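Note sheet for the following structure.
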Amino acid sequence: MIDAARILQLVVNGAASGCIYGLIALGFVLIYKATEMVNFAQGDVMMLGGFVAFSLIANFHLPYWVGGILAIVITAAFGYALDAFILRRVIGQPQFAVVMLTLGLGFIFRAAAGITWGYDSVGFNTPFTNKTANIGGLVLGQDNLSIIVGTVLLCGILYLFFSKTRVGVAMQAASQNQLAAYYMGIPVRTIFSLIWAISAGVACLAGILLSPVSMIDVNMGFLGIKAFAAAVIGGFGSIPGSVIGGVIVGIVEQFAGYKLPAGFQEVTSNVVLLLMLFIRPQGLFAERMGKRV
Amino acid sequence: MRYLFRTQYQQDIALFRHNGDRFWYGLLTVLVLIAPAILGEFYIGELCAVYIFAIAGVGLMLLVGYTGLISLGHAAFLGIGAYANAVLLAQGVPFLITLPLAGLFTALCGAAIGRPTLRMSGLYLAIATLAFGSIVGTVFQKWTAVTGGFDGFAVPTPTIFGIAIEGATGIYYVSLAVLAFVLWVSANLLRSPTGRAMVAIRDSEVSAQSMGIHLARYKTLVFAVSAGMTGLAGALFAHYVRYLAPDAFDVLLSVQFVTIVFVGGLGSLRGAILGAMFVRLLPQFIAVVRDDLPFGIGRLPGLEPSLFGLVLVLVILFQPGGLNGMWLKTKQWFQAFPFKRQTSFRRQKSYAKSERLR
């Protein structure tokens, strides 16, 4: 028998790692909604963001908060440049060209990070490392709690940004109908690059939040594959759906790790993804969409 | 410059366009047939690997280049073909039966995985195959009763009509025969109504559908054929490496297969073979120049995958026609000399194609 505390522990741990998947999936979904491209290098952007934060905090001795925010800004600028200089060139080419392009970029990022920061796992001190919080007799790691709180906060900020600010509304407009947005005088290309910047910034935040739980290393980009499961469950087009999908994947994975023999935990997310495609390919939060000729 | 005046429909769908084609392909056939007598053991082995990759490349070309779908899990199909062939051979089934069986079994696996995902947009196939590849890789590692796990699996020597196929030369001829077969099947498929349905699906799913093409059926068929060809390549791959290890069939190999298609040139069977040559020869080239590179670049770990990534990015950005496109441009330059025009191969200006309707 598993007791209730154990189950809760697993749920919280799962929700924490699920939030990371959700954040990466959020990056996919933002870009997909706007440009119909899928960024297969999203996980690698997260890895780069984590390493940038590591450099700022551990090498340049900046305080955690300053270094973290600076890292997010730098990664966002990188995302902007990525779209402005590379991805914009392939607009109009078939979708699979973009898939391969971002996949190739992911390999390049991984090699570049390996050359710059080495192939060993690194970590930096955060205010949450190795601390626990006691909530009603339940002992939880602050690192896990910080991930959940950070994700919730970020979702709130993004919601306010997209619904209240001019740029946010322009982004919604550009995602819904590019041509109409052009006619209304929205600089669609800049808006798309800004969306890439937001997506890269979110990925960097995911990398920073993840660093106390698991170290930063070159291959952490493979988490991106798990994030696909989150995005597909969410319906690949729904922002809250991707976070909820991520939490579902994270919790299922924790229980699989607890129940199944070693080695199967790694593929749980893939199995969930394939099952989802077999049973309900449009995802849990699908938007009805037709096709344009 | 050769002008072809087509007077019959037969000329439109002919496998060889004119006698020049027949001559050069005939010469190539003679050359590859006598190659083992000229080249050394090492080069024959490398050529054989090129053929095996080309078989998988042709299969993937049908899927990516002609139907516009992308698979990031073809290494899994190579693995399924390899293990199916090796396990059946170990049970004492003759090679001439295990080879087609391995292909058929892989094709069935492809249909099973393709059927549900192909209802969605092509993107979902990429994601689903990526997940499928990782699951299959884990199965190879964990199902030790059949695959032997990390201990590996020694592949028995195949025999055809009592003659043991040993050494590089034996596998070379078998691979060559299978490659010829696969090319013949693909070329015939492409000039048939099925082939045109594939190209129609690639160019516009909606217009293909409105012309009466059953999308899911054709996509599943192509995916199964593509997987089956990769399975055949896998069966030969098992004999080429002689010792199967479960971690050989990872995502990197899948990316290499897609690199074959992109670097070779989308939408041409010749491209699949050129791409296979490139993908097999690049690591050899790196190995040769490794020590001569400045700043110790050659010693960096992860050099090979990053080079594959770099080549992929450069080809997509600057040379979408791939090696085949470069060959066509060079040929055009000489044929039209000195009247080559700047605009000869300029791509039509393209705009963002939306697949959504709101």
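For region B:34-54, the criterion of a residue being without any contact (Cβ under 8 Å) to a residue 12 or more places away in the chain and among the charged types (D, E, K, R) is satisfied by no position. The listed residues are A:228, A:236, A:222, and the only one of them that is in a helix (DSSP H, G or I) and over 11 Å from the mean Cα position of the chain (by Cα) turns out to be A:222. Within region A:76-106, the residues that satisfy the criterion of being touching a Leu at 6+ places or on another chain (Cβ under 8 Å) and free of Cβ contacts under 8 Å to residues at least 60 places away in the same chain are A:86, A:89, A:90, A:95, A:96, A:100, A:101, A:104. All conditions in (1) within 13 Å of chain B (Cβ to nearest Cβ); (2) in a helix (DSSP H, G or I) hold for residue A:70, with the sole exception of (1).
Could you say whether any residue in region A:85-92 is within 22 Å of residue A:35 (Cα to Cα), within 8 Å of chain B (Cβ to nearest Cβ) and in contact with a Lys or Arg (Cβ under 8 Å, 6 or more places away or on another chain)? Scanning region A:85-92 turns up at least one residue that is within 22 Å of residue A:35 (Cα to Cα), within 8 Å of chain B (Cβ to nearest Cβ) and in contact with a Lys or Arg (Cβ under 8 Å, 6 or more places away or on another chain). Being under 30 Å from residue A:262 (Cβ atoms), within 14 Å of chain A (Cβ to nearest Cβ) and either without any contact (Cβ under 8 Å) to a residue 60 or more places away in the chain or part of a helix (DSSP H, G or I) (or both): is that true of residue B:141 here? Yes: the conditions hold for residue B:141. If you go through region A:133-180 and pick out every residue that is exposed (fewer than 14 other Cβ atoms within 10 Å of the Cβ), among the small types (Gly, Ala, Ser) and farther than 25 Å from residue A:236 by Cβ, you end up with 3.
Evaluated against (1) crowded, with 23+ Cβ neighbours inside 10 Å; (2) outside any helix (DSSP H, G or I); (3) more than 14 Å from chain B (Cβ to nearest Cβ), residue A:214 falls short on exactly one condition, (1). When B:4, B:62, B:69 are checked against the criterion of being under 24 Å from residue B:320 (Cβ atoms), at pLDDT below 90 and among the aliphatic types (A, V, I, L, M), B:69 stands alone in meeting it.
Looking only at residues in region B:115-152 that are of a type in the set (Phe, Trp, Tyr) and over 25 Å from the mean Cα position of the chain (by Cα), the one that is modelled with the lowest pLDDT is B:150. Count of region B:65-82 residues, restricted to those that are assigned to a helix (DSSP H, G or I) and closer than 22 Å to residue A:95 by Cα, is 4.
Listed by first and then second residue, the pairs linking a residue in region B:194-219 that is within 14 Å of chain A (Cβ to nearest Cβ) to a residue that is of a type in the set (A, V, I, L, M, F, W, C) and not in a helix (DSSP H, G or I), with Cβ atoms under 7 Å apart and 6 or more places separating them unless they lie on different chains, are B:200/B:211; B:200/B:213; B:201/B:213; B:206/A:293; B:207/A:293; B:216/B:118; B:219/B:69; B:219/B:118.
Within region A:226-249, can one find any residue that is facing another protein chain (nearest Cβ under 10 Å) and surrounded by fewer than 22 Cβ atoms within 10 Å (Cβ to Cβ)? Yes. Taken residue by residue, region A:270-277 has no member that is within 11 Å of chain B (Cβ to nearest Cβ), part of a loop (DSSP other than H, G, I, E, B) and more than 19 Å from the chain's Cα centre (by Cα). I'd like to know if region B:6-27 contains one or more residues that are of a type in the set (Ser, Thr, Tyr), within 22 Å of the chain's Cα centre (by Cα) and buried (at least 24 other Cβ atoms within 10 Å of the Cβ). No, every residue in region B:6-27 fails to be of a type in the set (Ser, Thr, Tyr), within 22 Å of the chain's Cα centre (by Cα) and buried (at least 24 other Cβ atoms within 10 Å of the Cβ).
Residues in region A:27-47 that are in contact with a Gly (Cβ under 8 Å, 6 or more places away or on another chain) and outside any helix (DSSP H, G or I): A:39, A:40, A:41. Each residue in region B:235-262 was checked for being of a type outside the set (Ser, Thr, Tyr) and either part of a loop (DSSP other than H, G, I, E, B) or under 11 Å from the mean Cα position of the chain (by Cα) (or both), and 10 of them qualify. Only one entry in B:64, B:87, B:58, B:93 is more than 26 Å from residue B:157 (Cβ to Cβ), of a type outside the set (Gly, Ala, Ser) and more than 14 Å from chain A (Cβ to nearest Cβ), namely B:58.
The values are calculated or read from the model by the stated rules, or taken from the named source; none is laboratory data. Quantities reported herein were computed from a predicted structural model and do not represent experimental measurements. Positions of Cβ are backbone-derived with ideal geometry, glycine not excepted, and every protein chain shown enters the neighbour counts.
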